[in-house]
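Notes follow once the structure below has been shown.
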Amino acid sequence: MIGQSTIEALIEAENKANLLFDEAVNRNIFRAHQSEKQINNALYELAFELFEIKKYWHKRIVRAGSNTLHPYKENPPDLIVQEDDILFVDFGPVFDKWEADVGKTFVIGNNPIKLKLKNDVSEAWQQTQQFYKQNLEISGAELYQYVCNLAKDLGWEFGNIHCGHLIGEFPHERIEGESKINYLHPDNKLSMNKKGINGNELFWILEIHFIDKDRQFGAFQESILLKD
């Protein structure tokens with residue numbers, strides 16, 4: 001689109017990723033007796049069918065059962081989705097030159113605790129979005145602490161060492177680097193409203209990952225934070 005802004009392009013990429021997951025639900029891809037790898041491959045094939053994309057800016061993640069305790073950087077062994085299970089997906093497809101990063105949780109069955117966790121993660125994401133809109137100059141460390149407090153208030157534990165990162169034109173990591181100041185990390189004391197190294201406006205992905213170590217499962221949701 002001529003004249004399309006960065007945020008418009010990022011939202012369009014995210015909308016396409018959401019359509020991918022919606023269609024995956026329609027086709028019953030998230031179901032029991034499939035391995036995480038089988039679901040991952042089915043999503044990859046569906047993305048190519050729908051959008052003719054094969055490029056992803058980070059590894060594709062499907063995690064079920066106890067693997068939902070693990071944050072992004074870990075690589076737990078492949079599990080089979082059970083009848084009464086919880087799973088999450090984390091995909092970072094690249095549409096044209098723009099990155100998307102969408103994470104969603106799916107509950108297989110009607111386990112009330114797993115459904116509550118899924119709903120709490122979604123509610124926490126929305127609460128944090130509203131908090132960010134009202135505090136655009138907040139630091140990454142402050143937003144991380146806010147999310148950890150939300151997890152505790154809702155009876156869960158936060159499951160990662162950060163709660164989000166930059167998103168942008170592919171490959172944003174090559175442009176902005178891998179420093180902790182590019183993550184919503186407890187060591188990032190800079191304003192989230194800072195400019196990029198080229199003076200460009202920056203945009204952030206918010207990741208909510210709540211876990212229950214006793215019950216051995218977690219839930220995850222991520223998408224782009226909006227400023228207004």
Lone unmet requirement of (1) closer than 26 Å to P112 by Cβ; (2) touching a Phe, Trp or Tyr at 6+ places or on another chain (Cβ under 9 Å); (3) among the polar types (S, T, N, Q) for Q216: (2)
Whether any residue in region 121-130 is within 23 Å of F91 (Cα to Cα) and charged (D, E, K, R) is what I want to check. yes
Region 64-113, residues that are under 25 Å from N15 (Cα atoms), under 19 Å from the mean Cα position of the chain (by Cα) and of a type in the set (D, E): D90, E99, D101
By residue number, the members of region 44-85 that are among the hydrophobic types (A, V, I, L, M, F, W, C) and more than 14 Å from F220 (Cβ to Cβ) are L46, A47, F48, L50, F51, I53, W57, L79, I80, V81
Cβ-Cβ distance below 7 Å, separation of 6 or more or different chains: which pairs start in region 61-75 with a residue that is within 13 Å of F158 (Cα to Cα) and part of a loop (DSSP other than H, G, I, E, B) and end on one that is basic (K, R) and at pLDDT 95 or above? H70/R63
Log entry, pairs with first residue in region 2-20 being among the hydroxyl-bearing types (S, T, Y), second being modelled with pLDDT of 95 or more and crowded, with 18+ Cβ neighbours inside 10 Å, beta carbons closer than 8 Å, six or more apart or on different chains, reads T6/F203
Exactly one condition in (1) touching a Phe, Trp or Tyr at 6+ places or on another chain (Cβ under 6 Å); (2) of a type outside the set (G, A, S); (3) modelled with pLDDT of 95 or more is not met by E49; state its number. (1)
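For region 29-40, state whether one or more residues are under 23 Å from I205 (Cβ atoms), in contact with a Gly (Cβ under 6 Å, 6 or more places away or on another chain) and either in a helix (DSSP H, G or I) or in contact (Cβ under 8 Å) with a residue 40 or more places away in the chain (or both). Show your work before the answer.
From region 29-40, those under 23 Å from I205 (Cβ atoms) are 30, 36, 39-40; that's our starting set.
Of the ones still in play, those that are also in contact with a Gly (Cβ under 6 Å, 6 or more places away or on another chain) are none.
Taking every residue of region 29-40 in turn, none turns out to be under 23 Å from I205 (Cβ atoms), in contact with a Gly (Cβ under 6 Å, 6 or more places away or on another chain) and either in a helix (DSSP H, G or I) or in contact (Cβ under 8 Å) with a residue 40 or more places away in the chain (or both).
From the list K195, K213, K152, K227, pick out the single residue that is touching a residue at least 40 places away in the same chain (Cβ under 8 Å), more than 21 Å from D90 (Cα to Cα) and not aromatic (F, W, Y).
Values: K195 fails: touching a residue at least 40 places away in the same chain (Cβ under 8 Å); K213 fails: more than 21 Å from D90 (Cα to Cα); K152 fails: touching a residue at least 40 places away in the same chain (Cβ under 8 Å).
The conditions single out K227.
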Take the conditions at pLDDT 95 or above, surrounded by 14 or more Cβ atoms within 10 Å (Cβ to Cβ), under 18 Å from the mean Cα position of the chain (by Cα) and of a type outside the set (S, T, Y) and apply them to A17. Does it pass? yes
Residue by residue through region 185-203, note down the ones that are of a type in the set (A, V, I, L, M, F, W, C) and within 18 Å of E99 (Cα to Cα). L202, F203
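Determine which member of the set D120, D101 is touching a residue at least 12 places away in the same chain (Cβ under 8 Å), crowded, with 17+ Cβ neighbours inside 10 Å, acidic (D, E) and closer than 26 Å to Y56 by Cβ. Give the derivation first.
Details: D120 fails: closer than 26 Å to Y56 by Cβ.
None of the others qualify; the one that does is D101.
Please determine, by comparing only the residues of region 20-43 that are of a type in the set (D, E) and over 19 Å from T68 (Cβ atoms), which one is surrounded by the fewest Cβ atoms within 10 Å (Cβ to Cβ). Working first, answer last.
Residues of region 20-43 of a type in the set (D, E): 22-23, 36.
From what is left, the residues that are over 19 Å from T68 (Cβ atoms) are 22-23.
On the way: D22: 11, E23: 15.
Checked region 20-43; the qualifying residue surrounded by the fewest Cβ atoms within 10 Å (Cβ to Cβ) is D22.
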Kindly provide the set of residues from region 175-228 that are exposed (fewer than 13 other Cβ atoms within 10 Å of the Cβ) and among the hydroxyl-bearing types (S, T, Y), ordered by number. S179
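The values are calculated or read from the model by the stated rules, or taken from the named source; none is laboratory data. Quick caveat, the model's predicted, so the values are computed rather than measured. We place every Cβ from the backbone using ideal geometry, glycine too, and count neighbours over all the protein chains shown.
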